[in-house]
Amino acid sequence: MRISPYGASSVITTAVFCTLFFIAGFFLPQPGGGAISVAGLLFLLFTLFFYRDPMREIRAEPGAVIAPADGKIVLKQSVDHPVTGNGSTLVSIFMSPFNVHVNRIPISGRVLDLNYVPGKYLMAFDHRSMTDNERMEITLETAAGTVWFCQVSGFVARRIVCELKPGQEVTKGNLFGMIKLGSRVDIVLPPSVQVTASVGMKTVGGTTSLGSTH
């Protein structure tokens, strides 16, 4: 199982502490000591599961806009967005703690702007989190027009990782960060993209198509 590069340090730290707990459990009075050993092992397994980064075959169609995250689409609506223009489409993907947490570039282009916004930590399925929560807003210049998407922290997830830089050329499907412990990713697509995604759809980052530029 491949581990996300964004979680390597956390996995190493957790592995050290869990190993110490596992060993210590054998020297403590039983059955309490055994319970401590089991707890240490289970927490290590959960950490490895949480930071997993499975291999993905990126959707190859040139016009396809792919899901930037694993999860479930909880909102789709037409919006007049200050970055992407009138008649754009907002798609929101909710990431549970059990989803893969790495995020991927939805469409190739160039990073125009990055905007970190501090904020609250409302539940990610609460749509107010889109405007009230801590988030990282990303704007891409693409062949289909300007695309805007956003990593949003949640009640549990309070660590956003984004390695992008302004002016950087990016390729569809490439990893660029993660939201630790799950939350939501919102993406606003310009009118030039025919959005085919629907509410309730399960998404697989890098594989599921949200729409097409053709």
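Remark: residue 161 falls outside the filter, which requires a residue to be buried (at least 20 other Cβ atoms within 10 Å of the Cβ) and not in a loop (DSSP other than H, G, I, E, B). Residue count for the range 18-37, restricted to those that are exposed (fewer than 13 other Cβ atoms within 10 Å of the Cβ) and either under 20 Å from residue 50 (Cα atoms) or aliphatic (A, V, I, L, M) (or both): 3. What about residue 99, is it closer than 14 Å to residue 205 by Cβ, polar (S, T, N, Q) and either touching a residue at least 40 places away in the same chain (Cβ under 8 Å) or touching a His at 6+ places or on another chain (Cβ under 7 Å) (or both)? For residue 99, the condition - closer than 14 Å to residue 205 by Cβ, polar (S, T, N, Q) and either touching a residue at least 40 places away in the same chain (Cβ under 8 Å) or touching a His at 6+ places or on another chain (Cβ under 7 Å) (or both) - is met. Taken together, the residues in the range 171-198 that are in contact with a Lys or Arg (Cβ under 6 Å, 6 or more places away or on another chain) and either within 19 Å of residue 81 (Cβ to Cβ) or free of Cβ contacts under 8 Å to residues at least 12 places away in the same chain (or both) amount to 0. Exactly one residue among 58, 107 is at pLDDT 90 or above, of a type in the set (A, V, I, L, M, F, W, C) and assigned by TED's automatic domain parsing to the domain that holds residue 150, and that residue is 107. All of 128, 135 fail the test of being basic (Lys, Arg), buried (at least 22 other Cβ atoms within 10 Å of the Cβ) and without any contact (Cβ under 8 Å) to a residue 40 or more places away in the chain, apart from 135.
Of the candidates 54, 68, 97, the single residue that is part of a loop (DSSP other than H, G, I, E, B), buried (at least 21 other Cβ atoms within 10 Å of the Cβ) and within 21 Å of the chain's Cα centre (by Cα) is 68.
Provide a single number: the residues in the range 75-94 that are closer than 18 Å to residue 148 by Cβ and touching a Lys or Arg at 6+ places or on another chain (Cβ under 8 Å). Residues in the range 75-94 being closer than 18 Å to residue 148 by Cβ and touching a Lys or Arg at 6+ places or on another chain (Cβ under 8 Å): 5 in total.
The values are calculated or read from the model by the stated rules, or taken from the named source; none is laboratory data. Everything numeric here is computed off the predicted structure, so don't read it as measured data. Quick reminder, even Gly has a Cβ in these numbers, built from the backbone with ideal geometry, and neighbours come from all protein chains shown.
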